[in-house]
Amino acid sequence: MASTRPARAGWDLDDETIPAWQRQCMQRSLQSARARAHARSDRFVRAATQLLREKGNTDFTVQDVIDRSKMSIRTFYKYFASKEDLLVAVYENVVAREAVPRLRKRIARVRDPLLRLRAYIEGLIELTAKSGPAGRTLTSYESRLAESRPEDLARAMKPQFDLLVELIEDIAATRRLRRDLTAKTAAQLIHFTVMAAVHGRVLGYEGASEIPARTIWQFCASGLGLAVGPPRSRQ
């Protein structure tokens with residue numbers, strides 16, 4: 001008798017009718033395919049990042065990226081719909097793999113939760129101060145993303161924002177914050193405040209660089225409802 005089961009367009013790993021040995025083969029195949037995809041897409045992102053830092057701007061073409069990565073244009077469009085999608089990936093990569101690990105390394109040297117927030121703010125300002133023309137380009141690009149692709153920007157900034165929420169939660173565990181603030185709301189306020197200060201410095205707004213990082217930290221701490229005195233040791 002012919003089966004009444006509808007024909008499948010493809011295998012489903014959750015299908016309990018698939019033999020265990022075949023499920024394992026499929027899992028290994030998928031893992032291998034994912035690894036190849038990650039490696040190839042990373043090559044394009046690394047190539048674009050190198051070009052951005054060498055040129056100090058995004059005035060390079062998809063062909064430039066292809067030549068630098070030694071991959072094909074067909075492969076490029078398999079992973080990225082456009083140069084704009086690649087630039088989003090570059091920005092996301094810089095935040096997740098460079099900025100956040102460096103911030104965490106700096107914060108890890110400090111024990112006091114409130115001073116860890118200070119380390120975060122001062123570290124972020126120092127990182128962007130040394131970024132040069134490429135940093136200025138990425139800062140301008142961030143503003144563009146906020147207008148044209150806000151969801152992509154939010155996804156790219158998530159690792160950094162999550163770190164800030166973590167820091168605020170640690171402070172709230174040892175000190176009483178303003179009653180009208182949740183950790184997430186406090187993190188949002190500090191995030192936008194600090195990023196505005198960073199952008200002003202990087203883009204050269206008049207007077208922006210004259211505000212010391214410690215003053216920005218003290219301003220944010222007072223916004224949480226915490227009084228801070230003159231800066232002391234970070235330990």
Kindly identify the stretch 144-235 as rounded, prolate or oblate by the Cα gyration tensor criterion: order the square roots of the eigenvalues as a ≥ b ≥ c, call it rounded if a/c is under 1.5, otherwise compare a/b with b/c, prolate if a/b is larger, else oblate. oblate
Long-range Cα-Cα pairs in the stretch 88-227 (distance over 23 Å), rounded percent: 32 percent
Expressed in angstrom and rounded, the centroid-to-centroid distance over alpha carbons for the stretch 78-141 and the stretch 142-175 is 11 Å
Relative contact order computed over the stretch 82-235 (Cα-Cα under 8 Å; 6+ residues apart), in percent: 33 percent
Cross-link partners among lysines for Lys70, C-alpha distance below 16 Å, same-chain residues fewer than 8 apart left out? Lys78
Whether the stretch 175-221 is rounded, prolate or oblate, judged on the alpha carbon gyration tensor where a/c under 1.5 counts as rounded: prolate
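What are the semi-axes of the equivalent ellipsoid for the stretch 82-130, taken as the square roots of 5 times the Cα gyration tensor eigenvalues, largest first, in whole Å?
27, 10, 7
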Cross-link candidates for Lys55: which lysines have Cα within less than 18 Å, leaving aside residues fewer than 8 places away along the same chain? Lys83, Lys130
For Met71, Met157, what ranking results if the residue with the fewest other Cβ atoms within 10 Å of its Cβ goes first? Met71, Met157
Under 20 Å from the Cα of Lys158, which lysines turn up, not counting those fewer than eight places away in the same chain? Lys105, Lys184
By Cβ neighbour count within 10 Å, fewest first, Thr75, Thr128 rank Thr75, Thr128
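None of the figures in this text is laboratory data; all of them are computed from the coordinates on show. Just so it is clear, the model here is predicted, and its values are computed rather than measured. Don't worry about glycine lacking a Cβ; one is built from the backbone with ideal geometry, like all the others, and counts go over all protein chains shown.
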